[in-house]
């Protein structure tokens with residue numbers, strides 16, 4: 001269910017990008033208990049002109065290693081669970097690729113559970 | 001009104017990608033009755049490292065032909081209409097490019113009708 | 001907070017794209033009073049096959065200069081403020097790069113304020 005869009009600066013190795021994607025997915029599994037097989041991710045790389053970020057908004061120091069993660073997921077997780085998700089993503093990325101936790105920006109877009117079709121033209125979650 | 005983002009693996013011909021875009025649009029027109037002229041689509045191609053999917057989540061067998069379709073559209077369609085939309089998109093893609101219905105993943109993001117400007121800096125739907 | 005995705009046809013200069021991004025950001029600051037440092041933008045370029053638009057939907061004449069702007073932002077702005085935002089974006093783009101106002105398409109995706117992490121794995125807006 002989550003559809004995860006990961007944007008980062010170009011120039012990283014494919015191993016690095018895979019490790020980022022793996023870490024984000026593991027955090028989703030651990031923090032909000034999605035099934036491990038529920039994995040759909042789109043990774044995009046951008047040059048410095050195409051990924052623009054503020055280096056100090058809210059007093060947080062960001063670098064060109066910034067990873068922007070936008071997750072479309074079902075509405076209904078408590079605030080506490082969403083906070084755990086943020087924390088876990090940052091932790092996992094730190095472990096996986098030594099990413100500074102300041103360089104993790106996350107945006108959640110919550111949608112109704114019936115707003116997904118995982119194949120066959122059916123709304124698999126609609127009647128759950 | 002729908003803003004449609006279509007993501008698929010690179011390597012398909014431009015004719016194939018156009019047929020996919022056409023099929024998704026026709027399904028929107030047929031299933032939820034948007035005007036035929038209400039068409040705005042962004043298609044992105046991704047290599048195997050950048051479009052990650054589970055090949056069997058929910059028991060559905062997916063291949064590298066997977067098409068991920070994220071549609072931003074106005075809130076308010078009934079569940080039945082949204083189900084018809086999912087079914088129609090899968091049908092149309094099967095007809096158009098022989099896409100397996102298992103290889104169609106759809107995510108709807110519903111927004112308020114006043115959250116669009118189609119030009120001129122105006123909110124054309126706000127007072128409808 | 002806003003995460004801004006700007007899509008336009010490829011072929012523009014980097015100066016042009018920067019001016020577009022600047023104009024959109026200035027409009028957000030002016031119209032809905034986000035902090036000037038609250039800037040996160042992803043710009044993507046697309047060829048004619050990959051950015052499909054209707055040239056006359058709602059009687060508005062669009063050209064290949066079309067810029068599609070999708071803004072993920074917190075829910076809660078009044079309709080009037082959102083209308084001012086649309087108007088200001090179109091005005092700023094006209095001033096900055098002589099973009100025709102017809103060529104500005106905007107989609108807002110509103111989310112809960114606790115659905116952001118700007119770094120450190122924390123939900124900075126959750127308790128505001």
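The values are calculated or read from the model by the stated rules, or taken from the named source; none is laboratory data. Quantities reported herein were computed from a predicted structural model and do not represent experimental measurements. Note that we place each Cβ from the backbone using ideal geometry, even for glycine, and neighbour counts take in every protein chain shown.
The figures follow:
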quantity: Condition met for residue B:61 (at pLDDT 95 or above, facing chain A (nearest Cβ under 9 Å), more than 15 Å from residue B:29 (Cβ to Cβ) and in a strand (DSSP E or B)); calculated: no
quantity: Unique residue being crowded, with 18+ Cβ neighbours inside 10 Å, under 16 Å from the mean Cα position of the chain (by Cα) and at the interface with chain C (Cβ under 9 Å from one of its Cβ atoms) when the list is A:88, A:92; calculated: A:88
quantity: Residue A:119, sole failed condition from (1) at pLDDT 95 or above; (2) under 28 Å from residue B:91 (Cα atoms); (3) surrounded by fewer than 20 Cβ atoms within 10 Å (Cβ to Cβ); calculated: (3)
quantity: Check on residue A:118, at the interface with another protein chain (Cβ under 7 Å from one of its Cβ atoms) and more than 15 Å from the chain's Cα centre (by Cα); calculated: yes
quantity: Only listed residue being in contact with a strand residue (DSSP E or B) (Cβ under 6 Å, 6 or more places away or on another chain) and touching a residue at least 24 places away in the same chain (Cβ under 8 Å), chosen from C:68, C:60; calculated: C:68
quantity: Selected residue (only one of C:103, C:54 is surrounded by 15 or more Cβ atoms within 10 Å (Cβ to Cβ) and closer than 21 Å to residue A:50 by Cβ); calculated: C:103
quantity: Residue B:75 being surrounded by 15 or more Cβ atoms within 10 Å (Cβ to Cβ) and modelled with pLDDT of 95 or more; calculated: no
quantity: Enumeration of residues in region B:103-115 that are part of a loop (DSSP other than H, G, I, E, B) and more than 9 Å from chain C (Cβ to nearest Cβ); calculated: B:113
quantity: Cross-chain or 6+ apart pairs with Cβ under 6 Å, region A:80-104 first and closer than 17 Å to residue A:29 by Cα, then assigned to a loop (DSSP other than H, G, I, E, B); calculated: A:83/C:123; A:86/C:121; A:86/C:123; A:87/C:121; A:90/C:121; A:93/A:99
